[in-house]
Ligand code: ADE
């Protein structure tokens with residue numbers, strides 16, 4: 001899988017070269033190509049923003065460097081081109097899983113007060129949001145999306161783990177986990193987990209998941225019921 005990222009702040013994406021995603025890149029499961037939009041500016045000072053037509057506060061990213069960068073990275077439009085924006089479709093576990101099956105992705109990030117609408121019209125197959133709040137740029141949203149989708153790519157989590165086991169893949173939250181020591185600051189690991197009785201451990205975990213979901217995220221259960229009804 002190839003993931004291209006177009007941004008004015010390529011250094012931010014160093015964060016993806018750490019830990020699990022960093023290992024996936026090292027192993028060649030995913031190729032991460034981070035491109036500086038500024039390199040494509042035709043302006044003699046490499047400017048990529050300007051004042052908004054009609055007035056208003058802040059600067060707007062100009063369409064030319066974005067358009068040229070997208071065309072240079074994806075000349076044949078083989079990539080699904082995604083613009084990170086609070087106006088976009090919400091990133092969910094289903095969306096992350098769907099994106100993980102694409103062979104070529106291109107995320108591009110706006111910054112400042114916005115992006116010239118023509119860049120979006122010409123360079124985005126879709127807009128994607130990570131939540132109902134406004135970030136100072138699309139970079140963190142791109143990183144969140146890339147991390148979430150790569151967990152569904154075989155080999156990224158290692159053979160013993162599966163994204164399917166964890167919170168939000170099923171419509172329930174993950175059960176509490178414990179490791180050594182058996183007593184920490186007076187708090188004990190639940191007895192069932194040290195019993196060696198696998199069936200009881202499984203039962204306990206399922207019950208904990210259900211209880212937590214009912215208490216903390218009852219909307220997930222409702223959503224699942226609605227989706228099941230819709231499918232039926
Ligand atoms: N850019 C700014 N805010 C954003 C958000 N919530 N999601 C995606 N991209 C963004």
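Please treat every number below as a calculation from the coordinates, not as lab data. Bear in mind that the values here come from a model prediction, so they are computed numbers and not experimental data. Here Cβ is always computed from backbone atoms with ideal geometry, including for glycine, and neighbour counts include all displayed protein chains.
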Ranked list, fewest to most other Cβ atoms within 10 Å of each Cβ, for 120, 3: 120, 3
Residue 121-residue 211 pseudo-label distance in nm [points 7 Å out on the Cα-to-Cβ vector]: 5.7
Inter-probe distance in nm under a simple model that places probes 7 Å from Cα toward Cβ, at residue 76 and residue 98: 2.6
Protection proxy ranking, peptides 196-204, 33-41, 50-58, average beta carbon neighbours within 10 Å, highest first: 33-41, 196-204, 50-58
Residue order, fewest to most beta carbons within 10 Å, for 101, 85: 101, 85
Exposure proxy order (Cβ contacts within 10 Å, fewest to most) of 21, 82: 21, 82
Tilt relative to the chain, helix 139-150 - C-alpha long axis, 0 to 90 degrees, to 10: 50
Whole-angstrom gap from the stretch 3-78 to the stretch 84-119, using each part's C-alpha centre: 13
Length added when fully stretched, residue 64-residue 112, from 0.36 nm per residue minus Cα-Cα: 15.7 nm
Value of [θ]222 nm, deg cm²/dmol, for the chain, DSSP H segments ≥ 4, -39500 (n - 2.57) each, nearest 500: -10500 deg cm²/dmol
Angle in degrees between helix 198-216 and the longest Cα principal axis of the chain, rounded to the nearest 10: 50
Förster-model FRET efficiency, 22 Å R0, residue 89 and residue 33, C-beta, rounded to 0.05: 0.40
Tilt relative to the chain, helix 218-231 - C-alpha long axis, 0 to 90 degrees, to 10: 80
Gained length - residue 225 relative to residue 23, 0.36 nm times residue gap less alpha-carbon distance: 69.0 nm
